[in-house]
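The values are calculated or read from the model by the stated rules, or taken from the named source; none is laboratory data. On a predicted model such as this, the values are computed, not experimentally measured, just so you know. Reconstructed Cβ throughout: ideal geometry from the backbone, glycine too, with neighbour counts over all protein chains shown. Remember, those area values only see protein heavy atoms, side chains included, never the ligands or the DNA or RNA. Shrake-Rupley method; radii C 1.70, N 1.55, O 1.52, S 1.80 Å.
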Amino acid sequence: KGAWATTNPQALTYSNMDDPLLSGEVLVAWDHTARLINALTETPDDFITFPAPRGPKGLGNMPALAGLAIPKTAPDAEGAKALIDFLTTPETQTLTLQEVAFFPVVAVELPADLNAGTQKEADAVAATTADEASLTSLLPVGLGDQSGAYNKVFRDSLTSIVIDGEDTQTVLNAQKANLQAVLDTAQAPCWSPDPESEGTCTVG
């Protein structure tokens, strides 16, 4: 609630933080590396980078993992395997970082000539992942067409507690039921950092 007093009320409408940072609508922001890189590339001297705020459980971070797969019906499975091999080489992973700010998923030594914006992001990522309190959470997985309903639980919770001033525990109790209904509909198992579940994840 205290943070909301200094938050641009348009924050609930932003899909990425590049434009608000460049326009000066916001001065402090956090987002996925690929959704910040335009601002950091255009005017790197205007920004500093650092890990996201530290919470009571640790320094949270959320890697966006992209999977590569070959359908059983693929007409050229060997060609597809070769493409995956190419995409996951250190050279291609480094080029992907330089072009779109998706960080390598294989062990690589980052080049010394990264542009200033990408280097700023690399420094923040390194500071986050090297921290002893680093706590990695995966993106919600297994939700299928319930992803929108899942996100709505958190938006509604923020709106009710922070903006409308409703009692925190009352809202959490109500939204707990809504969140469980989403998980039940999707039959989604728990994801990291929660322990693996047998069957559908249960809200604690």
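The table below gives the values:
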| item | result |
| --- | --- |
| Yes/no for Pro104 being over 30 Å from Glu196 (Cβ atoms) and either in a loop (DSSP other than H, G, I, E, B) or open to solvent by 40 Å² or more (accessible area, probe 1.4 Å) (or both) | no |
| Single unsatisfied condition, Val100 versus (1) farther than 19 Å from Ala130 by Cα; (2) touching a residue at least 60 places away in the same chain (Cβ under 8 Å); (3) out of contact with any helix residue (DSSP H, G or I) (no Cβ under 6 Å at 6 or more places or on another chain); (4) not polar (S, T, N, Q) | (3) |
| Residue within segment 56-63 that is in a loop (DSSP other than H, G, I, E, B) and more than 27 Å from Pro140 (Cα to Cα) present | no |
| The listed residue being among the hydroxyl-bearing types (Ser, Thr, Tyr) and surrounded by 11 or more Cβ atoms within 10 Å (Cβ to Cβ), out of Thr33, Thr6 | Thr33 |
| Unique match (being at pLDDT 95 or above and at negative phi) among Leu135, Leu172, Leu158 | Leu172 |
| Meets criteria (free of Cβ contacts under 8 Å to residues at least 12 places away in the same chain, farther than 30 Å from Thr168 by Cα and surrounded by fewer than 16 Cβ atoms within 10 Å (Cβ to Cβ)) for Ala80 | yes |
| Residues within segment 117-140 that are farther than 18 Å from Trp30 by Cα, assigned to a helix (DSSP H, G or I) and either touching a Pro at 6+ places or on another chain (Cβ under 8 Å) or in contact (Cβ under 8 Å) with a residue 12 or more places away in the chain (or both), tallied | 0 |
| Segment 175-204: number of residues that are assigned to a helix (DSSP H, G or I) and either of a type in the set (Ser, Thr, Tyr) or surrounded by 13 or more Cβ atoms within 10 Å (Cβ to Cβ) (or both) | 11 |
